[in-house]
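Q: First, the structure itself, so that you have it in front of you.
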Amino acid sequence: MYNPVDIPHSASQPFTDYSRWRLLVNDGGRHTWHYVRTDEECEAWPQNSVDKFWLGMDLKLPALPPAKTPLEAARNGYTFYKNLQSHDGHWPGEYGGPMFLLPGFVIGSYVSGMTFTNEERLEMIRYLMNRAHPEDGGWGIHVEGHSTVFGTGLNYTALRVLGVDAEHPTLVKARATLHKLGGACAIPAWGKFWLSLLNVYDWEGNNPVPPEFWLLPDWLPFHPHRWWIHTRTVYVPMSYLYGVKFKMEENDLILSLRKELYPQDYYSIYWPDQRNNVSKADLYAPHTALFDMINVALASYEYCSLPPLRKAAVDRAYELVVLEDENTGYQTLGPVSKMFNLIVRAHRDGPESDAYKQHEIKRHDFMWIGKEGMMVCGTNGSQLWDVGFITQALVETGLAELEENKESLLKALQWLDEAQMLEDPKHYHTSYRHTTKGAWGFSTKEQGYTVSDCTGEGLKATLYLQHHLAFTPKLVSERRMCDAVDTMLSLQNPNGGFASYELIRGPAWLEWLNPAEVFGDIMIEYCYPECTTSVITSLAIFRKHYPHYRVNDIDKTIRKAIKYLHAAQYPEGPWLGSWGICFTYATQFALESLSLVGETYETSERSRRACDFLVRKQRADGGWGESYKSCEQMKWIEHAETQMVQTCWAVMSLMYAQYPYPEPIERGVRLVMSRQLPDGSWPQEAIEGVFNKTCAIAYPNFKFSFPIWMLGKADKYLAELKARSTSGGKVNGNGLANRKIGGHH
């Protein structure tokens, strides 16, 4: 299957017939792409609007009446966006951006003996060609980043494994950039690991990843179960593979790559000297002296490790891999851990095992085809996240009440009902997991991980749909909502803040042991304003509808969370975003939460400071624009272009805070309305999300949910401001006069 393939020099046109791609949606939100080969199959399974939109094809929708008001623009936006809702009620979408995921899929599949269809392979090649840097031909850590050894080394390797000739112009250019940056010797730790599995980099060139860590007593402050969940689930299979020194058998491709990836002779390299060799183009989190000292000791241990102890450690790591696979239906937490787990199961259980076959089935959940080709997504989707925001937007703007939208809202509620987790993981404490009963995850129920803000947004959306609309059934019972509250309450940390998946388990000094070099803040959980505010908001709305459940606990939790939020505010006024770009994103959530406890522009110095900061950042065209570099440097960095989604976040921030002056809001509204297309949609602009400081990730559905939300709210809010100027009444963040509860009614 990985035979050489003749590839055009240009990737501007599809390498496959795009009219034959179909997105299959089933099993609670799973979405997988399939290529239909015969005309009969095409006729039996016609393309729908969801398929066509994500493939970049024209939906041929009619132009809508030009919007004269913000509400009309919001209505036009949802008239379009309804076409992208799947039959099961959720909005599928890509979750691409990182450029180290597809190579892991290719290398992991190759060394495990797993293939791709020819169409998948061709469109993966095309995607990588389209994402090569236009100037130097390399690849970065994400699609908008500068070329790095991590991105260039891995994606070059992936193209070669997929069958592209080494003398193809794309690879000739990329190879020159790779060598200029230092060659594969200078690739960061995760890159060294992937290349070692492929047998084109020596295991001696890796810092140790000993599986013996998993045999340590759980009470130790540095035991791996105290690490952040994404780091933990990656390093479990890594420790197994390091422990057995897994490597692909030599073949002609591997021998050739040993020549291509390095500017020097592969067989002359002294590998121990390469362990800490990381290109300056890649380095974000340099090793600490402590980490380097520990690695020296661990490297010495490798020469005298006891075979019985190593076997017990490898067995323990394998056991944890199995527990993770079974807890998640073989989705695992993310695509990196998934492919490492696959290699472990292929090595231990073999290609005829059920585990291997299940991994092959679920591998497709991460593969997404767009107009540039086939990518690998950061999870198996962002299903819950996208459903949560658009349903809240429709309720708050009143668009949910329109007859034309009722069926769509009912389907969304049904999806939320089915997506809630109703029990704890199959392997709960044995897999070091947090409770999941009552939670919503980021993507699907099957994936099975509690996320604090996803549970908050899922509960908030459900409350809105079931309690603010007269036509919806009560699908999610009071008991199940209480279960969601219980889970959120269990996630508050001593400082009042909320982290992402779990409580903070480890001491802060564990960050000194960050091995990845290219990411920041990965060793332990951290509290985040966005996660904290989603919980505050959902609890505040919940207690309005269910005022007798855990009253004191909820009140205490909100008060502590607000105290954390106060402490997390930057002196200039905003909050730092860690999951979206960047200050506009987090400040929106923070000001919503503060408004719910009565802190507004009029009553709170903190709210005023935040609003004044945002107003100072507004551009001459009425919009806002932040670069992803804001997240890297943790200070405001202007984007070259005004960003429509960030403009929505900024305007919503002002409305949540009950900002009394209409002009900045009106200017932001005009900017967003001016960018709306005749069919009601908005064009894709810069990437919207981020994780671990350095890696941008795409939320393309944000360009629908947040403009619809902001414009619909602004229509009410600006009308109320005008009424206030004549009557002297107050206006709140939802455009509803004289109501105390800021953003909601």
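Q: Label points 7 Å out from Cα along the Cβ direction at L298 and S19: separation in nm?
A: For L298 paired with S19, the spin-label model returns 5.5 nm.
Q: Cα-Cα over 22 Å: which of K82/K362; K82/K411; K445/K474; K406/K713?
A: Values: K82/K362 28 Å; K82/K411 11 Å; K445/K474 20 Å; K406/K713 19 Å.
Violating the 22 Å Cα-Cα cut-off are K82/K362.
Q: What does the highest-first list of 188-200, 332-344, 252-264 look like by mean Cβ count within 10 Å?
A: Per-residue Cβ counts within 10 Å, averaged per peptide and sorted highest first, yield 332-344, 188-200, 252-264.
Q: What ranking, highest mean first, results for peptides 300-308, 443-451, 597-605, 69-77 when packing means the other Cβ atoms within 10 Å averaged over each residue?
A: Put in order of decreasing packing, that is 443-451, 69-77, 597-605, 300-308.
Q: Shifting gears a bit: Over the stretch 90-177, what is the relative contact order in percent, taking alpha-carbon pairs closer than 8 angstrom and at least six residues apart?
A: Reported as a whole number, the value is 33 percent.
Q: With the other protein chains left in place, how much accessible area per residue, in square angstrom, belongs to the chain at a 1.4 angstrom probe?
A: So the chain comes to 35 Å² accessible per residue, rounded to a whole number.
Q: Name the shape class, rounded, prolate or oblate, that the alpha-carbon gyration tensor gives for the stretch 156-202, where a ≥ b ≥ c are the square roots of its eigenvalues, rounded holds for a/c under 1.5, and otherwise prolate holds if a/b is larger than b/c and oblate otherwise.
A: The shape class here is oblate.
Q: Keeping the other protein chains in place, figure out the carbon and sulfur percent of the accessible area of the stretch 360-497, with a 1.4 Å probe.
A: Working: 2000 of 3940 Å².
In the stretch 360-497, the share of accessible area belonging to carbon and sulfur is 51 percent.
Q: Leaving out ligands, DNA and RNA, and with a 1.4 Å probe, what % of the accessible surface on the stretch 56-211 is carbon or sulfur? Mind dumping the intermediate values first?
A: Working: 2340 of 4410 Å².
Within the stretch 56-211, the accessible surface is 53 percent carbon and sulfur.
Q: Describe numerically, in nm with one decimal, the distance between label points set 7 Å from Cα along Cα→Cβ at Q264 and at E167.
A: 2.9
Q: Okay, next question. Would you please give the residues with an amide H less than 5 Å from that of E638, counting only those at least 5 places away or on a separate chain, with H modeled from the backbone geometry?
A: S627
Q: Determine, from the Cβ-Cβ distance of L290 and N3 and an R0 of 45 Å, the FRET efficiency 1/(1 + (r/R0)^6), rounded to the nearest 0.05.
A: In this case the efficiency is close to 0.40.
Q: Answer rounded, prolate or oblate for the stretch 609-684, using the Cα gyration tensor with square roots of eigenvalues a ≥ b ≥ c: rounded when a/c is under 1.5, else prolate when a/b is larger than b/c, else oblate.
A: Verdict is oblate for the stretch 609-684.
Q: Also, I was wondering about something else. What is the packing order of peptides 391-402, 142-153, taking the mean over residues of other C-beta atoms within 10 Å and listing the highest first? Present the calculation step by step, with values, prior to reporting the outcome.
A: Values: 391-402: 22.4, 142-153: 26.3.
In descending order of packing, they fall as 142-153, 391-402.
Q: Rounded to the nearest 0.05, what FRET efficiency do A567 and L283 have when you use their Cβ-Cβ distance and R0 = 45 Å?
A: Working: r = 31 Å, r/R0 = 0.68.
So the FRET efficiency works out to roughly 0.90.
The values are calculated or read from the model by the stated rules, or taken from the named source; none is laboratory data. Not measured: the values here are computed from a predicted model. Cβ sites come from the backbone with ideal geometry, for glycine too, and all protein chains shown count toward neighbours. Please note that ligands, DNA and RNA were not included when accessible areas were found on the heavy atoms of the full protein model with its side chains. Shrake-Rupley method; radii C 1.70, N 1.55, O 1.52, S 1.80 Å.
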